[in-house]
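A short write-up of the structure that comes next.
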Amino acid sequence: MSESAIDAPPPPSGCDHFSKSVDPEVWWRAHFVDAAGAIVDFFAGDGISLEDKRIADVGCGDGIIDLGVAVRAKPEQLVGFDILDNDVDLLQRRAAQHAGIETLPPNLYFSTSETTRLPAEDDSFDYVISWSAFEHIDDPVAVLREIRRILRPMGVLFIQLWPFYDSAHGTHLVDWFPEGFAQYRYDNAEILRRVRSTGSQDMASEMLEVYRTLNGITADGLQDALRQAGFRIVKVALDSEAVHIPVEAAHLPLSQVAISGIKLLAIAEDDEAGASAASDGGAASDGAGPAGTAGAGPAGTESAGAESAGSAMDGAVTGAARAQVGQTGAESDEAEGGELAV
């Protein structure tokens, strides 16, 4: 095979389920079934049940994933936090259309937050989840510290991030650049021109805003942010697939271009250990990605109807499972869900 053939981008493959341009039924299933199932299964792989627990979702987006988790896992309460107001009426209509759910479950709440402030009480949630949000959060350490504050003792944090900025579809602009690595093949002016020149202008504006908020974080940068906030990763699964690396990205470490996503569980260190990790971790290592990276990503919000009452996690089952995760680093054998972009 010639070098030119190897360097040539693969032919466009069409839009996958992580693109907002897909059929609404595909989008619904990818979030309500696949993503929600991946979250529940990742916990269950270590014997951790979400049933009858209090869960917060940081960066809940349109709420479809939260509805899927609420229906599947039956938590006591699930509060979806985001800096943008959630359209509950739209979620209800989608649920009725795609899943025959006429009324949203009473354990599901949504609330609007500030960029780095979760207006929930201290120690108010057993678990916190976040799906495809941390690549958009402007100050990951500040948000992670807020997550640590609202987690109860023995609480566990789940983070999924896909795609990392340096990976093939890190721009989130797959509809316009299905060959991938647009962030290295083209400058920002050309990216903006191509997105604005084709397709729906509403979709173009929405996705350019998504692109604008990317923070360029890497897997190592995420780990560093977690350490600074006082968390320790105890379980991890990396996403990777075969890609053609263009010459423009050939200088990058394989750990950046070949790792497209991550799922992890993290636990809070004690205060002394957390302070030590923060002091030797330094500043977050990842800076702004594309066009200046403004955006504050989804963060917490008021727990609508979330009282601070309720006991700490059931030590008999969940505590033992958490100890197993932390001490043995049990490897993940859960069924993997699809990778999605918010």
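Laboratory data are not the source of any read-out in this text; all were calculated from the coordinates shown. All values derive from a computational prediction rather than experimental measurement. So basically every Cβ, Gly included, is an ideal-geometry build from the backbone, and we count neighbours across all protein chains shown.
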- Using θ = phi - 60° and the Karplus curve 6.51 cos²θ - 1.76 cosθ + 1.60, what whole-Hz ³J(HN,Hα) does each residue of region 113-130 get, with Gly and Pro shown as x? 10, 8, 5, 10, 9, 9, x, 8, 6, 4, 6, 9, 10, 6, 9, 10, 10, 8
- Which value in nm describes the separation of the simple spin-label points at Asn188 and Arg93, placed 7 Å from the Cα toward the beta carbon? 3.5 nm
- Note on the structure: The distance between the Cα centres of region 160-212 and region 35-80, in whole Å, is 29 Å
- Task: Quote the relative contact order of region 98-192 in percent (integer), defining contacts as alpha-carbon pairs under 8 Å separated by 6+ residues.
- Result: 24 percent
